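Inspection log for the structure reproduced underneath, given as structure tokens.
The values are calculated or read from the model by the stated rules, or taken from the named source; none is laboratory data. Values in this document were obtained by computation on a predicted structure and should not be read as measured data. Positions of Cβ are generated from backbone atoms using ideal geometry, with glycine treated the same way; all protein chains shown enter the neighbour counts. Side chains included, ligands, DNA and RNA excluded: accessible areas come from the protein's heavy atoms. Shrake-Rupley method; radii C 1.70, N 1.55, O 1.52, S 1.80 Å.
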Protein chains: 2
Amino acid sequence: MNHLAPHDVMVVCLTLATLLASAKGAGELAKKLNQPAVLGEIVAGILLGPTILGRYQPFLYDLLFPHTGPVPFVLDGVTTISVVFFLLTAGIEIDLSSIFRQGKTALLVSASGIVIPFAFGFVLAGAFPRFLGATEGTSRLIFALFMGTALSISALPVVARILMDLGLLRTEMGTVVMSSAMFDDLAGWILFGLVLGMINPNRTADHHVGHTIILVLGFALLMLTVGRWLIHFVMPFIQAHTTWPGGVLAFIFSLTLASAAFAEYAGIHAVFGAFITGAAVGESAHLRQRTSEHIHQIVTNVFAPLFFASIGLHTNFATNFKFAVTVVVIGVACLGKILGAGAGARLGGMDTRTAIGVGLAMNARGAMEMILGILALQAGVIHEPMFVALVVMALVTSLMSAPAIRALTRGKKSLTLKEIVTSELFFTHLTAGSKNGVLVEMCEKAAALAGNAPERFFRLVSERERVTSSGWRFGVAVPYARVTGLLHPIVTVGKVDKGVDFGARDGRPAKLIVLILTPNNQSQHDLLADAGRLFSQKEMVDRALAANSFVELVAALNAPVK
Amino acid sequence: MNHLAPHDVMVVCLTLATLLASAKGAGELAKKLNQPAVLGEIVAGILLGPTILGRYQPFLYDLLFPHTGPVPFVLDGVTTISVVFFLLTAGIEIDLSSIFRQGKTALLVSASGIVIPFAFGFVLAGAFPRFLGATEGTSRLIFALFMGTALSISALPVVARILMDLGLLRTEMGTVVMSSAMFDDLAGWILFGLVLGMINPNRTADHHVGHTIILVLGFALLMLTVGRWLIHFVMPFIQAHTTWPGGVLAFIFSLTLASAAFAEYAGIHAVFGAFITGAAVGESAHLRQRTSEHIHQIVTNVFAPLFFASIGLHTNFATNFKFAVTVVVIGVACLGKILGAGAGARLGGMDTRTAIGVGLAMNARGAMEMILGILALQAGVIHEPMFVALVVMALVTSLMSAPAIRALTRGKKSLTLKEIVTSELFFTHLTAGSKNGVLVEMCEKAAALAGNAPERFFRLVSERERVTSSGWRFGVAVPYARVTGLLHPIVTVGKVDKGVDFGARDGRPAKLIVLILTPNNQSQHDLLADAGRLFSQKEMVDRALAANSFVELVAALNAPVK
């Protein structure tokens, strides 16, 4: 067998280490700035790619990303496997049953949210193929179909994340948007599979287009019905007869790779097989939280950053940035999606403001458009400038979604403490004897529940504490912090029998500690306001302090203000 | 950049799916037969490799493992990355502080357990290089050094697993063996780094041997002192400032890849860098259980099977199996290690039987010898027959260890229930109202604690239940099962207020349920015997039934038999 020379192994390890460290570092930085991690990961790739490093440090660039020899194949193989596994997790997040259950509004939003942007993209690309960067040899029809598809897929993970951050996931709007986005994702990918099958430049077998289309539709249909049922049937068997979760993990990964191979054989890209497999696997109730957690963690933190950073390596983002093309693509993409999904929502009976909100949420794109872009670029359907425009469009639409919806949904009902407190985070007898001890204890408990690092909570809370002390009157202390990336506010309530000094004005030690951790300013403001309202009265504090069970605590927090 | 053609992507995905599924399947089968998983994984590779598939289905074999084009490079890259990550986890298991703390006996065992087998291997290889399969060009000294090293490394993970299975891990013998094996692992790898540095056939830079040795020793020393300290210092910072556990995961993987690249640069193999990094990372108290769990699960269940299966692809294990060579290698390996480690233990003051036990435990080899073998084969130091002999030796010594020690340690003190029960698994009010309901409830709780699948526990217990009913007299039921792969016995105690029918002879419903899950026959026998002794007396049962706290339960189980 052909082996890698030691120098090749060195380069592969060095390149992967550089890509992973930069991508993850930049991704974390982006999160700190309240932006999606994928933004940082792509920027890291652009910095390491031909755009910056290749231009200013060509020697280092050629060392890390040689163009000849076996190393590029290995790197291409690793990023391909990475994106295959990323699409597996994207598929797992699809909730098929909720798609099948969706109501009239969601149906209208999904249908109209795909048809309109598809039509916009199709017509535009059909009218101006050269301007938009279609390659010479590509048929106008294929290019138009590609553009239609590229503009109509929403980025489910991004959409979900935005809705969660805004606390809208469980509202009516959130439900409609989520099931529509799932449907769009699924439909968009099947659509793209068909387009890719039509391109078919140098695929495995000399299939007819018709053959490929039958294979794609057949595979999707079989996998989502029989396959899904088989997986659901086999999974408990594997869980019962193999070491857990190892057996299931290996099963899922093997199945994904096999489906990916089949998709390549059918004449479309491996990622399609992985996505459909993910959708089928994620459906099984037997997929345990901890199993999918292992997959999720390793994919989000190792495979996904590697893949997204590799996007930046494909081309020079400076020389291939064409302002006019990019603006047109962004404009048409936004118009088509907001109009399409928004009209669907309006037709479904939502008020105009909510309908626009639905359109804005569905407008967020992300990974999917970029993957389509790469595949089309590699298949020779589009030129580099169009690829760059698609990547930029995906980023811009993702970035604008959250602020736009936030601006739209001002004035919604404010949160109260009693909605947030949980029995797991109510402690009648904290043992620590000092302020920091109490805070550490409470942060640890909150972090365990939120699956987060206690150090981080504690650091943020004590940074806040350094600015103003959190001791209030009557023996209450309300430490708080804003924790970027939290899914929802966390309130931990603890009582300290002897009281600890939280620097209250009235000099009394705090016996009731209410730790408020919030993901954003709005929820922080709401909860602090509610705490202020409640604990400004001594009777309320005493009632909360007397609570020895969670029910009593809620009752105390629920008491009407006199 | 060079890109993979669709057909290449298909082959890569198909080959990885086949390797992973076969390796993991065979590994699970081996476990069912009470053998180490690695045995099954290697056998799967031999079946898929030139030995079987290549011989009988050459067309399929050439499709899966093409010898030309980019695919072999990608597969080689993926298996290299897999073994790098496997060595990371092997390194994490090394507990440096316990090595530095080890007492006189352990010191003697490690020293003598390395020096004697090394000397045996060195002398033998120096005397009969051709017979043992040294290649033409290799210097006698290098070959002798390699053989000495290959015979002197113990397989820490295998040793740990055997001791756990036998319940000896926390005995004096277990402690001595573990810290000696760790030391041997570390010393053996540094030794091998030096040997590899001397081979230096076509390495990155034209280092002198001296240069490489300085780099290897310097790297190991720095990483295990300053590096270890830096990691320990940086880790809480990363945990506090990034999403958890993603940031730490990416940090560890990047660091490992970077160290691997450095090791290749220094003139030795990437795995050395990964191993030392693992040792340094594993030392930090800030490495959380859940973080290392993610690494561990994905590596053991995806990367390790891929790597071990790939061992079988390197050569034809039938034609290259030379009986005489293999027997000599196995004989010398066993003799050297058992004698060396055993003599050290005897000198350290252990009785002869325990000393032999120590020698037998340390004799287990595993992954490490195989990795050394592959590297030496690729570097052209040894011929295929020697490689096959090393792999077989590693398997045989691993397989014989556990039965040999078991035969030796018959008659040790038997387990009692009160040593095994824990407060987490004592339930004063089970809610289920039927036998199966109760069993499911208890299995779920036991499985949650053991990180295992409740279905599996329940299946094994009900299979057992079908044979004989587990209801005893006086309202006690003692369901039990043997669960292969458990680390230690689990006893769950639950009380059902109303009682449920467990088919007891006296017709009384069971109110006290003691569920006993054991990894092996010995512990099962001990615990059932103890239960029988305790619950044959009505007073004892009543006392246990009256226990409303864990302390009262232990007191009841502790009561002297009248």
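Brief remarks on what is shown
- Taking every alpha-carbon pair in the stretch B:310-381 and binning the separations at 10 Å intervals from zero gives 18, 36, 27, 15, 4 percent.
- Candidate aspartates and glutamates - alpha carbon under 19 Å from residue A:32, same-chain residues fewer than 8 apart omitted: A:41, A:165, A:455, A:463
- Spacing of the two label points (7 Å from each Cα toward its C-beta) at residue A:539 and residue B:546, in nm: 4.8
- Proximity of backbone amide H atoms, modeled 1.01 Å from N, is registered between residue A:382 and A:135, A:377 at under 5 Å, excluding neighbours fewer than 5 places apart on the same chain.
- Label spacing, shortest first and in nm, from residue A:324 to its equivalents in the remaining copies (7 angstrom along Cα→Cβ): 8.2
- DSSP beta bridges fully contained in chain B are about 55 percent antiparallel.
- Radius of gyration, Dmax [the stretch A:358-438; alpha carbons; angstrom]: 23.2, 68
- Contour excess over end-to-end distance, with Cα ends at residue B:140 and residue B:352 and 0.36 nm allotted per residue: 72.6 nm
- Whole-Å semi-axes of the protein assembly as shown's equivalent ellipsoid (Cα gyration tensor): 47, 44, 29
- 0 to 90° range, to nearest 10: angle between helix A:367-378 axis and chain A longest Cα axis: 20
- In this entry, the stretch A:288-411 is assigned a mean projected area of 10.5 nm², taken as a quarter of its C-alpha convex hull surface.
- Pairs of Cα atoms nearer than 8 Å and 6+ residues apart set the relative contact order; for the stretch B:110-156 it is 52 percent.
- Heavy-atom accessible area per residue - chain B, 1.4 Å, Å²: 38
- Global geometry of the stretch B:416-523, whether rounded, prolate or oblate, following the gyration tensor of its Cα atoms and the 1.5 cut on a/c: prolate
- Rounded to the nearest Hz, the phi-derived 3J(HN,Hα) couplings of the stretch B:149-156 under the Karplus curve 6.51 cos²θ - 1.76 cosθ + 1.60 (θ = phi - 60°) are 5, 4, 8, 9, 7, 8, 9, 3, where x marks glycine and proline.
- Förster-model FRET efficiency, 45 Å R0, residue A:419 and residue A:3, C-beta, rounded to 0.05: 0.15
- Computed from label points 7 Å out along Cα-Cβ, the spacing between residue B:119 and residue A:488 is 6.9 nm.
- For chain A, the pair-distance distribution built from all alpha carbon pairs, in bins 20 Å wide starting at 0, is 19, 48, 27, 6, 0 percent.
- For residue A:234, the distances from its label point to the matching points in the remaining copies are 4.2 nm, ordered from shortest, with each point set 7 Å beyond Cα toward Cβ.
- Gyration tensor verdict on the stretch B:42-84 (Cα atoms; rounded if a/c is under 1.5, prolate if a/b is larger than b/c, oblate otherwise): oblate
- Chains B and A together bury some 6700 Å² of accessible area, summed over both sides, with a 1.4 Å probe.
- Carbon + sulfur, % of accessible area of chain A - ligands and nucleic acids excluded, 1.4 Å: 65
- Note on the stretch A:441-495: Cα convex hull, mean projected area over all directions, 4.0 nm².
- Across the identical copies, the 7 Å label point of residue A:473, projected outward along Cα→Cβ, sits 7.2 nm from its counterparts, in ascending order.
- The tail of the calculated P(r) for the stretch A:199-338 beyond 17 Å holds 71 percent of all Cα-Cα pairs.
- Taking the C-alpha atoms only, the angle from helix B:521-535 to the longest principal axis of chain B is near 20 degrees.
- Relative to the longest principal axis of the Cα atoms of chain B, the long axis of helix B:6-32 lies at roughly 50 degrees.
- Within the stretch A:264-289, the residues that become at least 30 Å² less accessible when every protein chain is included than when their own chain is isolated (1.4 Å probe; DNA, RNA and ligands ignored) are A:264, A:288.
- Bridges between two residues of the protein assembly as shown, per DSSP, are antiparallel at a rate of about 55%.
- In nm, spacing of pseudo-spin labels at residue B:55 and residue A:506 (7 Å Cα→C-beta vector): 8.8
- Reported value for the stretch A:499-562: 109 Å³ per residue, from the convex hull of its C-alpha atoms.
- Fraction of beta bridges assigned by DSSP in the stretch A:411-562 that are antiparallel (%, nearest 5): 55
- Only Cα pairs under 8 Å and 6+ residues apart enter the sum, and on that basis the relative contact order of chain A stands at 17 percent.
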